[in-house]
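Visitor: I'd like to ask you about the structure that follows.
The values are calculated or read from the model by the stated rules, or taken from the named source; none is laboratory data. On a predicted model such as this, the values are computed, not experimentally measured, just so you know. For neighbour counting, all protein chains shown are included, and Cβ atoms are generated from backbone atoms with ideal geometry for every residue, glycine included.
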Amino acid sequence: MEDFAWFLVFVGRPNAGKSSLISRLTSAKPVIGKKPGSTRRINTYKITKKFEVVDVPGWGKIHDRTQAYENRIKDQIVEFFETYKFQIPACILVIDAKSIIDVSERLSKKGIIPIDQELYAFLKDNKLIPIVAINKIDKIGEVEVERAVEYIKKLIDFENLPEEYQEAVITVSAKQGTNLDVLRDLIRKHLRNNDVEEFERYIKLR
Ligand code: GDP
């Protein structure tokens, strides 16, 4: 039998900045800036015997791939969360602030549910409280950051969320380090709330 481990999960579309955040906040050494869509596997990094960081690529359209392939990826992700949800004390949904506005508004107009919205709802249905890290805020101006935040809040029905969910929506820049201390503290708090505070010390800025 496999040894029992707890999982700190970073989920989000390819290129959102999951690997960058993982390497800023943990001792894991993921490859940063892989070609989007090239690696759609769930990647696991062992921090200790009992604590692992998991990079989950999110689902959605994959360039040059069939619908059947996309569905298989989605099934794997759904299965991962359904199998391990009780072993996930903290889960960070990483969203690229710059691309969310371009991509999602176009999709909503066509009546397609944006992937990040679907992911958020899925995590919440599984009783996880997703920490939403709206990343790459260094790439856009203040007004656009505001727009991205408002847009994401609309997607996740922020106004009607319980307080602990509202607290977990933040803007960050993995590149410049903006608000990474806030993200670190939130992750630590989620670890404490799930009675695994012994792992708090592995979450620190690098
Ligand atoms: P992943 O596919 O979600 O793991 O994303 P990566 O961490 O590999 O990042 C994708 C690309 O975005 C890389 O070229 C990163 O250097 C870049 N990137 C990640 N975070 C930021 C950020 O906060 N600001 C900027 N400007 N670029 C970022």
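Visitor: Somewhere in the stretch 53-75, is a residue surrounded by 19 or more Cβ atoms within 10 Å (Cβ to Cβ), more than 16 Å from L119 (Cβ to Cβ) and either hydroxyl-bearing (S, T, Y) or at pLDDT 90 or above (or both)?
Guide: yes
Visitor: Can you name the residue in the stretch 120-142 that is within 13 Å of the ligand (Cβ to nearest atom) and touching a residue at least 60 places away in the same chain (Cβ under 8 Å) and, of all such residues, is nearest to E79 (Cα to Cα)?
Guide: Only one residue fits best here, namely A133.
Visitor: Based on this model, can you work out whether V145 counts as surrounded by 16 or more Cβ atoms within 10 Å (Cβ to Cβ), farther than 21 Å from C91 by Cβ, of a type in the set (A, V, I, L, M) and in contact (Cβ under 8 Å) with a residue 40 or more places away in the chain?
Guide: Working: surrounded by 16 or more Cβ atoms within 10 Å (Cβ to Cβ): yes; farther than 21 Å from C91 by Cβ: yes; of a type in the set (A, V, I, L, M): yes; in contact (Cβ under 8 Å) with a residue 40 or more places away in the chain: yes.
Yes; evaluated as a whole, the condition is true for this residue.
Visitor: Could you tell me which of the residues I47, I73 is of a type in the set (A, V, I, L, M) and under 16 Å from W6 (Cα atoms)?
Guide: On the way: I73 fails: under 16 Å from W6 (Cα atoms).
The unique qualifying residue is I47.
Visitor: Right, something else. If R188 passes every condition in (1) farther than 12 Å from P130 by Cα; (2) in contact (Cβ under 8 Å) with a residue 24 or more places away in the chain but one, which one does it miss?
Guide: (2)
Visitor: Follow-up. Condition first: within 16 Å of the ligand (Cβ to nearest atom) and either touching a Pro at 6+ places or on another chain (Cβ under 7 Å) or hydroxyl-bearing (S, T, Y) (or both). Can you find one or more residues in the stretch 78-91 that meet it?
Guide: Just the residues of the stretch 78-91 that are within 16 Å of the ligand (Cβ to nearest atom), to begin with: 91.
With either touching a Pro at 6+ places or on another chain (Cβ under 7 Å) or hydroxyl-bearing (S, T, Y) (or both) added as a condition, the list becomes 91.
Within the stretch 78-91 (the criterion being within 16 Å of the ligand (Cβ to nearest atom) and either touching a Pro at 6+ places or on another chain (Cβ under 7 Å) or hydroxyl-bearing (S, T, Y) (or both)), the answer is yes, since at least one residue qualifies.
Visitor: Can you list residue pairs whose Cβ atoms sit under 9 Å apart, with the first residue in the stretch 79-105 being over 19 Å from A168 (Cα atoms) and aliphatic (A, V, I, L, M) and the second being away from the ligand (no atom under 15 Å from the Cβ) and part of a helix (DSSP H, G or I)? Count only pairs 6 or more apart in sequence or on different chains.
Guide: I101/R147; I101/Y151
Visitor: So if I check each of S23, S19, which one is out of contact with any strand residue (DSSP E or B) (no Cβ under 8 Å at 6 or more places or on another chain), under 20 Å from T171 (Cα atoms), in a helix (DSSP H, G or I) and of a type in the set (S, T, Y)? Quick ask: steps written out before the conclusion?
Guide: Working: S19 fails: out of contact with any strand residue (DSSP E or B) (no Cβ under 8 Å at 6 or more places or on another chain).
Being out of contact with any strand residue (DSSP E or B) (no Cβ under 8 Å at 6 or more places or on another chain), under 20 Å from T171 (Cα atoms), in a helix (DSSP H, G or I) and of a type in the set (S, T, Y) holds for just one of S23, S19, which is S23.
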